[in-house]
Amino acid sequence: MLGEQEVRRIAGTVLAASRADQTEVEVFANDSALTRFANNYIHQNVEQTDVDVRVRAVIGRKIGVASSNETSDGALARLAARAFELAQHQRENDDFRSLPRPAPVPQASSYAEATARCGPEERAGVVGQICDASSRAGLTAAGAFHTTAQELAVANSLGVFAYNRETQADINTVVMSDTSSGHAARVSKDVGEIDGEAVAREAVDKALRGVNPAAIEPGEYEVILEPYAVVDLLDFFSYLSFGALPYIEKRSFMAGRLGEKVMGEDVSIWDDALSPDGIPSPFDYEGVPRERVPFIENGIAKGVVWDSYLAGKVGGDARSTGHALPAGVTFGPIPLNMFMATGDATRDDMIRGVKRGLWVSRFWYTRSVHPLNVVVTGMTRDGTFLIEDGKIVGPVRSMRFTQGYVDALNCVDLVGNEPMLVLGDLGGGVRSVPALKIAKWNFTGVSEM
């Protein structure tokens, strides 16, 4: 961690050295540590400290981007010169208007000192709870516990300066027997909220209940998706549907449908980087304040996220919502702090309502089949259970599925009453999601495991 004074020096040195018409500086500093475990013991502790300085130089409408992890005055001057030189060799970008101008940035409670100071002994204590519980149950645990403290600053030659510190702690584990596995994970800005015993209990329970799974025929089933599975839906929506680039290129199912009903009325999805229920992040990688953006409200399509470049390209009423990614990233803005509204159903309520269906713990190896309609194929994993007449009757082998995620959210019967914060896989970020009971889900095959 560099501290705000040092970050200001870095940004100021680059801006003073730049010969470009407009210049932007991103400073990303990170102190991270990771404890890995397998076979019920810790086998690796690693720590890393790094800084990335990224410069975007604008000459007319030519743009060059360069980065470095050197922060001496001389190195920063050379970095500014390199970005300038790269911009000179680019073609004019007729869609570019300007870097953003200053706007008030809200305060965010993103930092927990306990997480920043967390050492290998503290992580080992939590991991030990998981390994001990796994060993006592005759199972084998593997996973990782990660803590990070980071700071992001964005400055530009038009007067923007935004700075924020953030911490994150996340743990995941898979506990295995010869014929089954169970998974659990947690994420928080405060390492003190990571409960190793709860993680162990969840993963061990699934592994024990999943022993000797039976094979069932593929087909259409009712499903109850745990939050670990629901987060996969939001991941694909974030990347394929809720960003301005697929929207204006008509690659998103949202294109031309704002104001229309596109999902079930119990479904509401939004992005809110300032919510204390997530890991707050007050501004984007252009220094623009983040806004709460509704995507789906009671099934109605409402909007997508924007950065300044695409808002300028489209013109009219379009403006940045504070969702730009780092300079040089080309797939447009995406939401990183997504929420799905909870309902009033308990786990037991969901199970009681199933005639014959499947309880799905999570998905893995999911891939897009039809991006426009968000049709995805993948597998269930780490605990799939058959439900008959309102009762879980036993474990089944993992199932292959091919399913339209928009179609699925048009068939939501019940929404869970407890949100869970889960790390996203596509594009990163965090998602706060409930469990869902969905009337039909298309399974196409059965795994050997």
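The values are calculated or read from the model by the stated rules, or taken from the named source; none is laboratory data. No experiment lies behind these values; they were computed from the predicted model shown. Cβ atoms come from the backbone with ideal geometry, glycine included; neighbour counts cover every protein chain shown. In case anyone asks, the SASA skips ligands and DNA or RNA and just uses the protein heavy atoms, side chains included. Shrake-Rupley method; radii C 1.70, N 1.55, O 1.52, S 1.80 Å.
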Residue by residue through segment 413-449, note down the ones that are assigned to a loop (DSSP other than H, G, I, E, B), among the acidic types (Asp, Glu) and at pLDDT 95 or above. 418
Top-ranked residue in segment 381-411 [being among the aromatic types (Phe, Trp, Tyr) and part of a strand (DSSP E or B); ranked as farthest from residue 174 (Cα to Cα)]: 401
Looking only at segment 357-412, which residues are among the small types (Gly, Ala, Ser), within 21 Å of the chain's Cα centre (by Cα) and under 13 Å from residue 225 (Cα atoms)? 361, 408
Can you name the residue in segment 78-115 that is of a type in the set (Gly, Ala, Ser) and in contact with a helix residue (DSSP H, G or I) (Cβ under 9 Å, 6 or more places away or on another chain) and is also nearest to residue 144 (Cα to Cα) among such residues? 114
With the requirement that a residue be surrounded by 18 or more Cβ atoms within 10 Å (Cβ to Cβ) and among the hydroxyl-bearing types (Ser, Thr, Tyr), what does segment 396-449 give you? 398, 405, 432
Residue that is over 30 Å from residue 152 (Cβ atoms), open to solvent by 30 Å² or more (accessible area, probe 1.4 Å), of a type in the set (Asp, Glu) and in contact (Cβ under 8 Å) with a residue 60 or more places away in the chain, where the choices are 344, 348: 344
Within segment 181-218, count every residue that is among the hydroxyl-bearing types (Ser, Thr, Tyr) and over 22 Å from the mean Cα position of the chain (by Cα). 1
Residue under question is residue 144, and the condition is that it be in contact (Cβ under 8 Å) with a residue 40 or more places away in the chain, of a type in the set (A, V, I, L, M) and either open to solvent by 10 Å² or more (accessible area, probe 1.4 Å) or in a strand (DSSP E or B) (or both); does it hold? yes
Tell me which residues, restricted to segment 39-60, are farther than 19 Å from residue 288 by Cβ, part of a strand (DSSP E or B) and open to solvent by 30 Å² or more (accessible area, probe 1.4 Å). 41, 42, 43, 44, 45, 46, 47, 48, 49, 50, 52, 59
Any idea which of 123, 97 is among the charged types (D, E, K, R), open to solvent by less than 40 Å² (accessible area, probe 1.4 Å) and touching a residue at least 40 places away in the same chain (Cβ under 8 Å)? 123
Look at segment 1-34 and say how many of its residues are assigned to a strand (DSSP E or B) and either of a type in the set (Phe, Trp, Tyr) or within 19 Å of residue 113 (Cα to Cα) (or both). 7
Matching residues in segment 207-222 - criterion: being open to solvent by 80 Å² or more (accessible area, probe 1.4 Å) and of a type in the set (Asp, Glu): 217, 220
